[in-house]
Amino acid sequence: MNETPIIIAHRGLSGEWPEHTLEGYRAAIEAGADFVEPDLVLTKDAVLVARHENEISGTTDVADRPEFADRKTSKTIDGEQFTGWFTEDFTFAELQTLRAKERLPQLRSTGRDGQYLVPSFEEILQMLAEVNKGRDRPIGVYPETKHPSYFTAIGLPHEAPLLQLLAQYGYKGRSAPVFIQSFEVGNLQALRRKSDLPLVQLIAGEGGPADQPDRRYTDMITAQGLKDIAQYADGIGPDKNLVIGRNMLGQLQSPTSLVTNAHAAGLKVHPWTFRRENYFLPLNLKRASIRASQAIWPVR
C-alpha cells in the first residue's frame with residue numbers, strides 16, 4: 001500500500017487547545033491536519049457530543065456548578081467503576097451551559113480553560129462543511145464511538161444518529177472523507193451491515209474489546225486475527241507501541257511486522273497517538289532539562 005500518509009488531529013490541536021472544542025479542531029486544520037478526530041458519547045436526549053469520556057468532570061467545569069451537584073454518581077462502565085458526572089444524565093441544552101477545560105493540566109497550559117463549549121457532532125460537521133467550501137481536498141472527520149455497548153445497554157445506541165448525520169452532511173460511499181473507529185467489535189460489525197463507510201478497528205496495547213471479554217487485542221494482531229478484522233473493517237488503529245515498541249528504559253526498538261502483516265490482509269494502518277509532551281516521548285527524545293524531575297503518573 002503506497003498511499004500518502006494522513007495526519008489525524010487527535011481530539012483537535014491537543015496540547016495547545018482544550019480537547020474536543022470547535023476552536024481546537026479549527027486550529028488543527030490550520031496547522032495542517034487532514035482529519036479531525038472527535039470521540040463521541042451521547043446525552044440523555046440522544047445527541048452525539050464530543051468528549052474524551054462520558055464522565056466529564058475532567059474535561060468540563062461541571063464539578064464547579066452547584067446546580068448540577070446532585071448529578072454526581074458512580075457507574076460501572078466496561079467493567080470499571082467511575083464516579084463523577086456523565087453525559088447521559090444531561091440534556092444537550094444542559095451541557096451547553098458548561099465550559100471545556102484542559103484534560104491534562106499537569107502537562108499542558110490551562111490558559112484557555114472556561115472559554116469554549118462542548119460541541120455536538122452535528123456542529124463539528126457543520127464546521128467542516130464551512131471549512132471545506134472551495135477545497136479540492138476536503139478535511140475529513142474521524143469519529144470514535146466511545147463505549148458503544150454500554151450506551152446501547154442504556155438505550156442510547158450510536159449507530160442510528162451517527163449514520164443519519166453523516167448521510168445528512170454528504171458522507172457516502174467508500175471514498176467519503178470519513179473513518180469510523182471503535183475499540184469494540186460488535187459496534188463496527190453492526191455499522192458494516194448498515195453502511196459502506198470506511199471503518200477502523202482500534203487496538204490497544206493490552207486488554208481486549210469490552211464487548212468481547214474473552215478476546216485479547218494480542219490475538220487480533222496475529223495473521224488470522226487481521227484476516228478476521230478485514231471481514232468487517234477497512235483498517236486498524238493500533239497503539240503506536242505495537243508498531244515500534246519501547247524497551248524497559250523507554251528507548252525505541254526496531255519496528256515490528258504489524259504494518260506489513262496488516263497491509264497483506266488488505267488493511268490500512270493508522271497508529272495512535274503521537275504527542276510532543278516530554279512525558280510521552282521516547283527516552284532519547286526527551287528534553288534533558290526536565291527529564292530527571294518529571295513525575296510519573298498514569299495518563300489515558
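Here, each number is a calculation from the coordinates, and none is a lab measurement. Remember, predicted model here, so these are calculated numbers, not experimental data. Please note: Cβ atoms are built from the backbone with ideal geometry, for glycine as well, and neighbour counts cover all protein chains shown.
What to note about this one:
- Residue satisfying condition, being charged (D, E, K, R) and either within 16 Å of Phe121 (Cβ to Cβ) or surrounded by 21 or more Cβ atoms within 10 Å (Cβ to Cβ) (or both), within set Glu37, Glu30, Glu67: Glu37
- Of the helices (runs of 4 or more DSSP H) that lie entirely inside region 63-171, those containing 1 or more residues that are free of Cβ contacts under 8 Å to residues at least 40 places away in the same chain and under 30 Å from Ala204 (Cα atoms) span 148-153, 159-168.
- Restricted to region 200-275, the set of strands (runs of 3 or more DSSP E) holding at least 3 residues that are surrounded by 15 or more Cβ atoms within 10 Å (Cβ to Cβ) comprises 235-238.
- Scope region 179-197; condition without any contact (Cβ under 8 Å) to a residue 60 or more places away in the chain and either in a loop (DSSP other than H, G, I, E, B) or surrounded by fewer than 21 Cβ atoms within 10 Å (Cβ to Cβ) (or both); matching residues: Phe183, Glu184, Val185, Gly186, Gln189, Ala190, Arg192, Arg193, Lys194, Ser195, Asp196, Leu197
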